[in-house]
């Protein structure tokens, strides 16, 4: 039975006509799935579903989303992030678009203002939806998310009393008041690539945007899956950050603001 799938021209160009046609007739598309945007269940037999292709330097992973959440599109991400996320979920190597695609983990981001050194600072809190394995391993070493970030220059944050150090080569991309991406240095000194990229630009509050434009920097905190959660208020977010820091589960960096 044909699935209610949307396959954009960009996705078709990446995966090829044969694979796109197999998806559209239902040969290689799942009926039920977890939306890669909102993380709630979907059913391509019952509702319009977008195909979303995550592409690294060598790896491509096909995911599915409610068409009401995001359109079918190609999303470019860092290769290490893509492979590590896939291994953490599947316990095996990711496949190419010619085969069935495993689901990839997602880095969730929450924005908020955090009081540090008597000033409200614009902050992003990054937390993956599941444990992250080191690329090239089978995941038996446990969640390596914080260790991988420390290797990139993030520093442990035992408390939130001081501003984290500036992380060279990284930046936070804001355009027209919306959050687009967190960028990291490209391989071999090339152009920056997205370490995290919004499926669609995320709105931030006027207060957050004003604080970011004032300081021209953004604080980025990261914690393992399950450490922070989606907190509805900034005071609750601060409490969760303090708890993660006290437990040794928080790393941080200050990044320049790119855009306005």
If each of residue 210 and residue 151 carries a label point 7 Å out from its Cα toward its Cβ, how far apart are those two points in nm?
4.2
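Once the piece of chain linking residue 191 and residue 22 is laid out straight, how much longer is it, given 0.36 nm per residue of separation minus the C-alpha distance between them?
On the way: separation 169, 0.36 × 169 = 60.84 nm, distance 3.52 nm.
Result: 57.3 nm gained on full extension.
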Show me 114-123, 171-180, 157-166, 185-194 ranked by packing, highest mean number of other Cβ atoms within 10 Å first.
171-180, 114-123, 157-166, 185-194
Rg/Rg_ref, segment 107-259, where Rg_ref = 2.2 N^0.38 Å and atoms are Cα
1.00
Over all distinct alpha-carbon pairs, what is the Kirkwood Rh of segment 172-258 in angstrom?
14.4
Mean-position separation - Cα centroids, segment 185-220 and segment 116-131, in angstrom
12
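Each reported figure results from applying straightforward, stated rules to the coordinates on display, with no laboratory input. Computed from a prediction, not measured in an experiment: that's the story for all the values here. Reconstructed Cβ throughout: ideal geometry from the backbone, glycine too, with neighbour counts over all protein chains shown.
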